[in-house]
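Participant: If you scroll down you'll find the structure; I have some questions about it.
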Amino acid sequence: MTQFDSMGAIATADDSKDAVIVAQDVEKWYSNKFHVLQGVSLTVHRGEVVVVMGPSGSGKSTFIRTFNALEPYQKGSIEIDGIKLTPNMKNVEAVRREVGMVFQQFNLFPHLTVLQNVMLAPVEVRGWKKEQAKQVAGELLERVGILNQANKFPGQLSGGQQQRVAIARALAMQPKVMLFDEPTSALDPEMVSEVLDVMRTLAQSGMTMVCVTHEVGFARQVADRIVFMADGLIVEEGTPQEFFGNPKHDRTKQFLAQILH
Amino acid sequence: MTGFLFAQSATDQFTLDVIVRNLLLATRWTIALSAIAFIGGGAVGFLIMLFRISPNKILRYISAAYVEFFQGTPLILQLFLTFFGLSVLFNLNLSPWAAAAIALTTYTSAFLGDIWRGSVQAVPQGQWEAGTALGMTYFKQLKRVILPQAVRMSIPPTVGFAVQVIKGTSLASVIGFVELTRSASAISNVTFKPFLLFSIAAVIYFCLCFPLSVLSKQLEKRFATDG
Ligand SMILES: Nc1ncnc2c1ncn2[C@@H]1O[C@H](COP(=O)(O)OP(=O)(O)OP(=O)(O)O)[C@@H](O)[C@H]1O
Ligand SMILES: [Mg+2]
């Protein structure tokens, strides 16, 4: 896999586009009835931070969950760092190793300590030695400011701390791209900024990121591009200045009026 | 008259001492049968649990039907069906011991499989998703993420079910397997003291089951407060 990784990196570096995610006309139906994604296309370049916004039920979660095959899709194509994610692909672990995901509800493993949470996948999936994984986990926990809690269990931490651990856990796999699905929506207001700060630092370090979030401040400062979804389609996209300053579509204006009060 | 004389002498022979010793010897078979049912049933039950939660529809249906059959019919009929049915179907001369072991194993497997399925499904879906997103395979997720959490939840009901298995072994007496109940019945036939015999047997069953019940309740309380 490592050999493949370096090959992949070289191959895509030659490509002037240097895209990490290429989604084309993705369509999905829930239980053959509900057309949740109606042909969504998005290209995310290396180092780019894309924020996805849109009303509840517009398909934001569903869309970004197709990038690591948590959701199957029926039509279109998705390519992650040069690996094709075909609709019926069975061995999707190769793609999942390269895509980190942070969930709204953290989803930390409650029976493992913070340190063990971060070490688990590198050992089980990448086949790292425990010592190596422990060292990397320690570095990551330090980066997200939780190293002093390494031996606690998730249940003993605050929501903000848990979410930072979840970010460290995803980073431990050394992903090419990180997906965030409303990472601060389940948090008490006073804990939102500590998580956003970690995400901002991560963005500055050059990580490719796709974030579903309604944190306007974060979107303005950190996003290279904002994508607005409604009813299973991308209605509008642009830089934060364009998006917040000069929205074109009525749906976007309506939405912005709501979230900007 | 001779029968009466025989019974008379049998009563003399079977002092309380002797009765208790005989019943305790028979209790060994109750324990052995329970242990076999529990170990065998646990192994088969684990497979049943895997099938019940499998992404494969056919495996799910087969295992669901298996569980429904053994939960939906009386154990005593399962014992008869195993003892007489297997003998006829496969032309075997199945001993009561083997038939009881098979019937109690399948019975136990259905219940344990269902208890464990419930525990696995009580682990939030987000735990599977987190494992999947980290690139772990299905079985790695099961082993490292799901089962460690499910096991905690399943220990109290599993220990509680052990009580049902121990009591269930008494039914094996109907196909001629000599365990505690059968032995008490046999001795009472010659001593004419059924009340005494079955009382002692009840006390022995109680001594086997009560500690397990208490343990199960305590574990349940502990896991409930630990969160
Ligand atoms: N498993 C499912 N089966 C059927 N419908 C579903 C399923 N999951 C989601 N949906 C529906 O699909 C639509 C899009 O859901 P999705 O979670 O992608 O929206 P979202 O944009 O992330 O919304 P939110 O802001 O509420 O998270 C919703 O109407 C939802 O009810
Ligand atoms: Mg969502």
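Participant: Quick check on my link table: of A:LYS176/B:LYS140; B:LYS167/B:LYS193; A:LYS130/B:LYS143; A:LYS84/A:LYS130; B:LYS167/B:LYS217, which ones sit more than 20 Å apart, alpha carbon to alpha carbon?
Facilitator: Details: A:LYS176/B:LYS140 22 Å; B:LYS167/B:LYS193 22 Å; A:LYS130/B:LYS143 18 Å; A:LYS84/A:LYS130 31 Å; B:LYS167/B:LYS217 18 Å.
Table pairs above 20 Å Cα-Cα are A:LYS176/B:LYS140; B:LYS167/B:LYS193; A:LYS84/A:LYS130.
Participant: Distance from the Cα centre of the range A:223-244 to that of the range A:94-121, in angstrom?
Facilitator: Taking the Cα centre of each part, the range A:223-244 and the range A:94-121 sit 29 Å apart.
Participant: Moving to a separate point now. Starting at the first residue of the range A:72-84, write each ³J(HN,Hα) from the Karplus equation 6.51 cos²θ - 1.76 cosθ + 1.60 with θ = phi - 60°, in whole Hz, x for Gly and Pro.
Facilitator: My calculation for the range A:72-84 gives x, 10, 10, 9, x, 8, 9, 10, 10, 6, x, 9, 6 Hz in order.
Participant: Across 10 Å bins from the origin, how do the percents of Cα pairs in the protein assembly as shown run, short distances first?
Facilitator: 4, 16, 21, 18, 13, 11, 8, 5, 3, 1, 0, 0
Participant: Taking H placed 1.01 Å from N in the peptide plane, check which residues at least 5 places from A:VAL52 or on another chain put their amide H under 5 Å from its amide H.
Facilitator: A:CYS211, A:VAL212, A:THR213, A:VAL227
Participant: Still on this model: Working from Cα positions, state the angle (0 to 90°, nearest 10) between the long axis of helix B:57-72 and the longest principal axis of chain B.
Facilitator: The angle comes out near 30 degrees.
Participant: By the scheme Lys and Arg +1, Asp and Glu -1, what is the net charge of all other residues having a beta-carbon under 11 Å from that of B:LEU50?
Facilitator: Local charge sum for B:LEU50: +3.
Participant: Here's a follow-up. Please list 3J(HN,Hα) in residue order for the range A:53-65, calculated via the Karplus relation 6.51 cos²θ - 1.76 cosθ + 1.60 where θ = phi - 60°; whole Hz, with x for glycine and proline.
Facilitator: Values per residue, Gly and Pro as x: 10, x, x, 4, x, 7, x, 4, 4, 4, 5, 6, 6 Hz.
Participant: The range A:191-230: Rg/Rh from Cα coordinates, Kirkwood Rh?
Facilitator: The Rg/Rh ratio comes out at 0.95.
Participant: Quick one: which residues, 5+ away or cross-chain, put their amide H under 5 Å from the amide H of A:ALA230? H built at 1.01 Å from N.
Facilitator: Long-range HN contacts for A:ALA230: A:VAL235.
Participant: Any idea how far the Cα center of the range A:128-187 sits from the one of the range B:145-197, in Å?
Facilitator: A separation of 49 Å, based on Cα centres.
Participant: When a footprinting reagent is the concern and you count Cβ atoms within 10 Å, what order do A:MET229, A:MET207 take, fewest first? Show your work: numbers first, answer last.
Facilitator: Values: A:MET229 25, A:MET207 19.
Placing the least packed residue first, the sequence is A:MET207, A:MET229.
Participant: Return the percentage of antiparallel bridges among DSSP beta bridges fully within the range A:125-261, rounded to the nearest 5 %.
Facilitator: Within the range A:125-261, antiparallel bridges account for around 50 percent of the total.
Participant: Is chain A best put as rounded, prolate or oblate by its Cα gyration tensor, with a ≥ b ≥ c the root eigenvalues, rounded for a/c under 1.5, and otherwise prolate when a/b is larger than b/c, oblate when not?
Facilitator: oblate
Participant: For the range B:21-226, what does the alpha-carbon gyration tensor say about shape, rounded, prolate or oblate, given a ≥ b ≥ c as the root eigenvalues, a/c under 1.5 as rounded, and a/b over b/c as prolate?
Facilitator: oblate
Participant: Restricting to the protein assembly as shown, compute how many DSSP beta bridges are antiparallel as a %, nearest 5.
Facilitator: 55 percent
Participant: Lys/Arg Cβ at +1, Asp/Glu Cβ at -1, dipole of the protein assembly as shown taken about the Cα centre: which of B:ALA133, A:GLY245, B:GLY85 is farthest positive-ward?
Facilitator: B:GLY85
Participant: Counting other beta carbons within 10 Å of each residue's own, what order do B:THR15, A:THR86 fall into, fewest first?
Facilitator: Fewest-to-most ranking of B:THR15, A:THR86: B:THR15, A:THR86.
Participant: What list of ³J(HN,Hα) couplings, whole Hz, do you get for the range B:156-165 from phi and the Karplus terms 6.51, -1.76, 1.60, once you set θ to phi - 60° and write x for glycine and proline?
Facilitator: x, x, 5, 5, x, 5, 4, 4, 4, 5
Participant: Sticking with this one: In terms of modelled amide H atoms, which long-range or inter-chain residues lie less than 5 Å from the amide H of A:VAL99?
Facilitator: The answer is A:LYS176.
Participant: Return B:SER173, A:SER31, B:SER87 ranked ascending by Cβ neighbour count within 10 Å, so the fewest neighbours appear first.
Facilitator: A:SER31, B:SER87, B:SER173
Participant: Take every DSSP beta bridge whose two residues both sit in chain A, then give the antiparallel share in percent to the nearest 5.
Facilitator: Working: 21 of 38 bridges.
Approximately 55 percent, going by the DSSP bridge assignments.
Participant: For an R0 of 60 angstrom, estimate the FRET efficiency from the Cβ-Cβ distance between B:PHE198 and A:ILE259 and round to the nearest 0.05.
Facilitator: With R0 = 60 Å, the Cβ-Cβ based efficiency is 0.20.
Only the coordinates and a few stated rules stand behind these numbers; no lab work does. Predicted model only: the values in this text are computed from it and were never measured. Quick reminder, even Gly has a Cβ in these numbers, built from the backbone with ideal geometry, and neighbours come from all protein chains shown.
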